[in-house]
Each structure stands twice: as C-alpha cells, then as structure tokens.
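First the structure, in the form of structure tokens, and then the observations on it.
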Amino acid sequence: MRLPLPLLASLVAGLAGCALPPVAVPPAPSAMVKVQVLAINDFHGNLKPPLDGIRIQDPANPGKRVNIEAGGAEYMATQVALLRARNANHVFVAAGDLIGASPLLSALFRDEPTVEALSLMGLEASAVGNHEFDKGAAELLRMQRGGCSPVDGCKGPKPFKGAGYQYLAASTVVEATGQTLLPAYHVKTFEGVPVAFIGLTLKGTPSIVVPAGVAGLRFEDEAETVNRLVPELRAKGIEAIVLLIHEGGIPVGDYNECPGISGPIVDIVKKLDKAVDLVISGHTHRAYNCRIDGRLVTSGDKYGTIVTAIDLVLDRQTRDVVSAQAENHIVRHATLAKAPEQSALIAQYEQLAGPLTRRVVGRIAAALPRDSNPAGETALGQVVADAQLAATRDVGAQIALMNPGGIRAALALPADGLLRYEDLFSVQPFYNNLVTMTLSGAQIVQLLEQQWTGQVSARLLQVSKGFAYTWDAARPLGQRLVPGSVTLDGRPLDLAASYRVTVNSFLAGGGDSFPALKAGTDRRTGMMDVDALERYVQANPMLAPGKLDRIARLN
C-alpha cells in the first residue's frame with residue numbers, strides 16, 4: 001500500500017524529532033597484544049631465603065655493595081602474584097637449575113617440595129639445567145611425572161604428583177632413540193597470537209655433572225638446536241619465539257643494567273636465528289638486563305632473589321614481537337608478605353625434617369669463609385679437603401682434592417655456638433660419595449694443569465694438608481705449575497710413583513672438566529662427602545681458619 005505524500009511527510013517529520021537508541025558497535029580490537037613474561041632461574045631448592053640475600057650496588061653509595069634480604073619461596077610467590085595481576089596475558093617460566101645443589105629442607109626429600117612449591121606458584125615451563133641431571137635422567141623424568149623414588153620410597157606428607165609445569169630439553173637427545181628426553185618447546189596463545197618457549201641447557205652439561213647421570217644422552221649445540229626448530233615453529237604459524245636457556249654470562253654493572261657482558265651467552269645469542277625475539281638465561285648466578293646483538297637478554301640472579309618481568313608487545317597481523325622491555329624485581333622481604341600457601345607447604349616438610357636438620361654435630365671457633373686468596377685457596381676448602389683425606393686414610397689416601405663449585409656456602413659461626421647438620425649440608429649439598437683412586441705423579445701434575453685448561457675460568461682445586469704447589473699466572477696454559485714445586489709432606493712429587501688420591505664421585509668421573517681423573521685405577525668408593533665433613537667436625541672441636549699456605553702464586 002502506497003501512503004499519500006502528505007501523510008508520509010508527516011511521519012518523517014515526526015521521526016526526525018525522536019531520539020533513536022544508539023546501536024552498540026563493538027570496539028575494534030587493538031592491533032597489538034601486550035603480554036607479560038615472568039621469569040626466574042637457578043632457584044636450587046631455596047624454599048627458605050638464602051642467608052646472604054642478594055648483593056647489589058649500594059643506592060646511597062654507588063662505589064660500595066650491600067646485601068639485601070631477599071629470596072625464598074614464600075616471598076617469591078607473593079612477588080609473582082603481584083606482577084601477574086598487572087596483565088591478564090601472562091606466563092611464568094624459568095631457565096633451569098630449579099632443583100639440585102639444594103638446601104637440606106628440599107634435598108632430604110629429593111627436591112619434591114621445591115617442585116611442589118613452584119607448581120603451586122603457577123610456573124608453566126622451564127628449561128632443564130645441568131643440576132636437573134644431578135641424580136640422573138630417570139630421576140628428572142620422575143620429577144616431571146611424579147611417583148615415589150625407587151631409592152628412598154615416599155617420604156613426603158602426601159604422594160608426589162610431579163611437576164605442574166613442563167620441563168623442556170630441546171638439545172638433550174636420547175641416543176638410543178634420537179628423540180629429545182623431554183619436549184623441545186611449549187606454546188601459549190595470547191588473544192589468538194601464539195608464543196613459543198624453547199628450553200634447553202648448556203652443551204657442556206656432561207662435563208659438569210656426574211657422568212652416570214647423563215649416560216646415554218647427547219647434548220647438542222645450543223644455537224644450532226634453536227635454529228633447527230625455527231622452520232618447524234613457523235610452519236605452525238608461530239612467529240613470536242622466546243628462548244629459555246640454562247647458560248649465561250658475566251655482566252658489568254648492577255642487577256638491572258648491563259653496560260657490558262662477557263661469557264658463553266654472548267656468542268650463543270649472536271648465532272641465533274633472527275626469528276628468536278627474547279632470551280631468558282641463567283647458570284652463572286648473576287643478574288642482568290642486556291641487549292646483545294639487538295635482542296633482549298635477561299637473567300635473574302639466583303635462589304629466588306629476583307623475578308624478571310618482561311613486557312612483550314605482539315602484532316596481531318604479523319603475529320610477531322614488536323618490542324620487549326624488562327625489569328628485574330628484587331624479592332625484598334621488607335616490602336613483601338609471605339604467601340600463606342607456601343608457608344603451609346614448608347611447615348609440613350619442616351616438621352618431617354626437623355629431627356635431622358637440627359641435630360647438633362659440634363662446634364667451631366670461628367666462621368670458615370669460602371672467599372679465596374689470590375692463589376685460589378680458601379679456609380673452608382682446606383677443611384673440606386682435610387675431612388675427605390681423614391675419611392679415606394683407611395684405603396690409603398695420601399691427597400684429597402675438592403672442586404670449589406662443590407662448596408656452596410660459607411660455614412658461619414652460629415649465634416649459640418652449636419653447629420647443626422643443616423649448616424654442614426648447606427656447604428656440601430650434592431651428597432656425593434668419596435672415591436679414592438691411584439694416580440701417578442705425572443697424572444697429578446696433568447690434573448693440576450687442567451685447572452686452567454679446558455675451563456671457562458680457572459677452577460682451583462682445594463687441597464688437603466701436606467700437599468702443596470706453586471703456580472705462575474705469567475706462564476702459558478698447560479705450563480702454569482712451577483717446575484719442582486709440587487710436594488707431598490715436604491718432598492717433591494715423584495712423577496713415576498703412584499699415589500692414592502681422594503675426590504668426590506663427581507670429579508672422579510671427570511666432572512668440572514678434569515678428565516685426568518678418569519684415568520685413576522684401583523678405585524674405592526667411600527662415605528658421603530657431607531658425612532665425612534660431619535665426622536671431621538666432631539673429631540676436631542673448635543675448628544678455625546688455618547694459614548692459606550698450601551697453594552702459592554707468582555704473578
């Protein structure tokens with residue numbers, strides 16, 4: 001029906017005076033997606049805060065450094081929660097060594113409480129570190145999957161369910177199958193944009209862990225491994241790529257800067273495909289916030305003292321990272337509350353561990369530091385080596401040698417004067433057997449020269465009483481020992497004679513790049529290293545630092 005023109009005009013005029021309801025138009029999505037990546041590294045089972053906290057530049061006096069109370073699971077969980085609340089698009093990841101070389105509270109339970117604590121915090125993925133292999137690949141897989149230990153059974157307050165996060169091992173290949181031990185990467189999608197997190201440990205892992213722990217595994221080149229994965233990820237439509245790597249560098253500057261950095265991470269980053277947008281590193285126990293070869297490279301110190309917050313901006317169209325900025329946040333006790341769920345978890349394990357950890361083992365007269373003199377000798381290193389020598393005299397030991405990396409903390413003088421088992425365990429947390437073997441004098445000299453050859457930086461073995469030598473920093477590698485200076489009980493070492501030498505099982509397998517020890521014969525396996533230290537403390541009440549005169553240095 002056609003309306004008369006006058007009536008139609010009237011209706012139009014009437015509608016013009018009416019306010020029509022607005023039509024709801026959804027806002028156009030932003031072209032960019034903002035993502036927050038939270039990261040840690042080298043937690044090493046520090047459920048309780050480390051005694052020394054974190055050492056940083058003094059804000060009031062930049063020429064000095066101060067220690068700040070920081071770290072531990074209770075405070076770190078709160079820091080993570082606060083940072084997570086800033087952005088709904090977030091992920092919490094790690095760069096390895098979450099377990100292993102752990103304080104007694106975690107180590108007593110084979111690091112199960114640490115895995116539980118990190119799972120409770122919402123950790124999603126972590127690279128494997130070298131210390132994840134301390135007890136072997138099978139034990140690492142148990143940490144991932146759960147179940148009771150085949151060695152110790154179930155000791156925790158409840159059945160162990162395994163990690164709520166995914167361990168990643170892109171460069172760790174099972175030689176029998178050619179497959180990686182664990183997945184190579186983890187993908188998380190933010191508002192439709194996927195981000196891949198590749199995880200791997202350092203190629204040199206076999207040289208710094210007990211050889212039996214990595215038997216049957218191959219550790220491939222870090223950069224080559226990552227670069228091989230890039231085409232696979234891109235074929236899946238993934239352009240945003242983050243590397244979680246358990247390898248690092250030595251920075252210049254404070255915890256949140258990087259005026260300069262050296263070490264393996266520099267060359268690795270320079271070899272990476274440009275598709276890799278961000279590198280989260282670890283291993284060196286240092287904090288830095290760097291740009292290397294145009295890419296952001298971070299590390300968060302150790303023991304939960306820092307949480308790194310990284311802001312990524314993703315382009316919806318290209319699905320790639322367009323910017324990345326980071327800030328290292330100190331987990332300061334002064335400004336953070338303890339997370340109650342972490343306190344409850346710790347309390348459960350402390351109740352089970354209490355009788356052993358607080359057992360009194362003796363007294364010392366003064367603190368035993370692990371700071372080295374210019375020659376590389378330490379007061380605590382002397383005591384540890386002497387303890388191992390004393391514990392293996394019955395199998396003919398004449399010399400004991402201790403790797404400095406196996407001494408993880410100084411032995412402080414307790415306020416009540418009583419030394420407890422947990423104090424000793426903080427010094428030697430690896431729980432390695434002692435191994436006594438026969439080496440020729442020439443092999444011992446070769447071993448000592450390996451303190452400088454094949455090392456990223458010198459590793460000066462701590463030596464037992466009666467053994468001494470002089471080294472010259474001006475001499476070339478492989479010839480650092482001053483000829484004729486190596487002595488035992490005041491007599492020159494006979495290169496053709498045989499000597500009985502004690503080391504821990506890690507070194508005995510050639511660990512820490514000391515292959516000369518693999519040639520040792522007539523091996524005898526003895527007690528655990530920390531038990532030898534306990535026995536020595538009990539037999540030598542009121543220990544104090546001795547004169548550092550076993551190793552001498554020229555130049």
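The values are calculated or read from the model by the stated rules, or taken from the named source; none is laboratory data. If you're wondering where the values come from, they're calculated on a predicted model, not measured in any experiment. Cβ coordinates were reconstructed from backbone atoms using ideal geometry, including for glycine residues, and neighbour counts include every protein chain displayed. What goes into the accessible areas is simple: the full protein's heavy atoms, side chains included, and nothing from ligands, DNA or RNA. Shrake-Rupley method; radii C 1.70, N 1.55, O 1.52, S 1.80 Å.
Pairs only if they're at least six apart or on different chains, beta carbon under 7 angstrom, first in the range 361-389 and farther than 15 Å from GLU534 by Cα, second at pLDDT below 95 and among the hydroxyl-bearing types (Ser, Thr, Tyr); list them, first residue then second.
These pairs meet every condition: THR378/SER372.
If GLU247 passes every condition in (1) at pLDDT 95 or above; (2) on the phi < 0 side of the Ramachandran plot; (3) surrounded by fewer than 21 Cβ atoms within 10 Å (Cβ to Cβ) but one, which one does it miss?
(3)
Being more than 12 Å from the chain's Cα centre (by Cα), crowded, with 24+ Cβ neighbours inside 10 Å and modelled with pLDDT of 95 or more is the filter here, so list the residues in the range 89-110 that pass it.
Matches in the range 89-110: VAL93 only.
Based on this model, can you work out whether ALA397 counts as hydrophobic (A, V, I, L, M, F, W, C) and crowded, with 21+ Cβ neighbours inside 10 Å? Spell out the reasoning first.
Details: hydrophobic (A, V, I, L, M, F, W, C): yes; crowded, with 21+ Cβ neighbours inside 10 Å: yes.
For ALA397, the condition - hydrophobic (A, V, I, L, M, F, W, C) and crowded, with 21+ Cβ neighbours inside 10 Å - is met.
Would you tally the residues in the range 272-323 being in contact (Cβ under 8 Å) with a residue 60 or more places away in the chain, assigned to a strand (DSSP E or B) and not hydrophobic (A, V, I, L, M, F, W, C)?
The qualifying residues number 6.
Of all residues in the range 116-146, count the ones that are under 16 Å from PHE160 (Cβ atoms) and open to solvent by 10 Å² or more (accessible area, probe 1.4 Å).
11
Would you please name the residue that is least open to solvent (accessible area, probe 1.4 Å), looking only at residues in the range 507-555 that are more than 15 Å from PHE430 (Cα to Cα) and touching a Pro at 6+ places or on another chain (Cβ under 9 Å)?
GLY510
Looking at ALA324, ALA344, which is the one that is at pLDDT 95 or above and exposed (fewer than 13 other Cβ atoms within 10 Å of the Cβ)? Walk me through it before giving the result.
Details: ALA324 fails: exposed (fewer than 13 other Cβ atoms within 10 Å of the Cβ).
So the residue among ALA324, ALA344 that is at pLDDT 95 or above and exposed (fewer than 13 other Cβ atoms within 10 Å of the Cβ) is ALA344.
How many residues does the range 166-196 hold that are without any contact (Cβ under 8 Å) to a residue 60 or more places away in the chain and either under 26 Å from HIS90 (Cβ atoms) or exposed (fewer than 13 other Cβ atoms within 10 Å of the Cβ) (or both)? Break it down into steps so the answer makes sense when it comes.
To start, the set of residues in the range 166-196 that are without any contact (Cβ under 8 Å) to a residue 60 or more places away in the chain comprises 166-167, 169-185, 187, 189, 196.
This time we only want the ones that are either under 26 Å from HIS90 (Cβ atoms) or exposed (fewer than 13 other Cβ atoms within 10 Å of the Cβ) (or both), so: 166-167, 169-170, 175-179, 182-185, 187, 189, 196.
So the answer is 16.
Six or more apart or on different chains, Cβ under 6 Å: which pairs go from a residue in the range 515-528 that's over 24 Å from THR453 (Cβ atoms) and polar (S, T, N, Q) to one that's open to solvent by less than 50 Å² (accessible area, probe 1.4 Å) and outside any strand (DSSP E or B)? Could you list them?
Taking only residues 6 or more apart or on different chains, not a single pair turns up.
In the set LEU401, LEU380, which member is of a type outside the set (Val, Ile, Thr) and in a strand (DSSP E or B)?
Every option except LEU401 fails the conditions.
Condition first: open to solvent by 10 Å² or more (accessible area, probe 1.4 Å) and closer than 27 Å to LYS203 by Cα. Now tell me which residues in the range 293-321 satisfy that.
Just the residues of the range 293-321 that are open to solvent by 10 Å² or more (accessible area, probe 1.4 Å), to begin with: 293-295, 301-303, 311, 313, 315-321.
Passing the criteria: ASP293, GLY294, ARG295, ASP301, LYS302, TYR303.
What single numbered condition from (1) part of a strand (DSSP E or B); (2) in contact (Cβ under 8 Å) with a residue 60 or more places away in the chain fails to hold for ALA326?
Checking ALA326 against (1) part of a strand (DSSP E or B); (2) in contact (Cβ under 8 Å) with a residue 60 or more places away in the chain, the one that fails is (2).
Kindly indicate the residue of the range 53-85 that is under 23 Å from ALA326 (Cβ atoms) and open to solvent by 80 Å² or more (accessible area, probe 1.4 Å) and also modelled with the lowest pLDDT among those meeting that condition.
Only one residue fits best here, namely PRO62.
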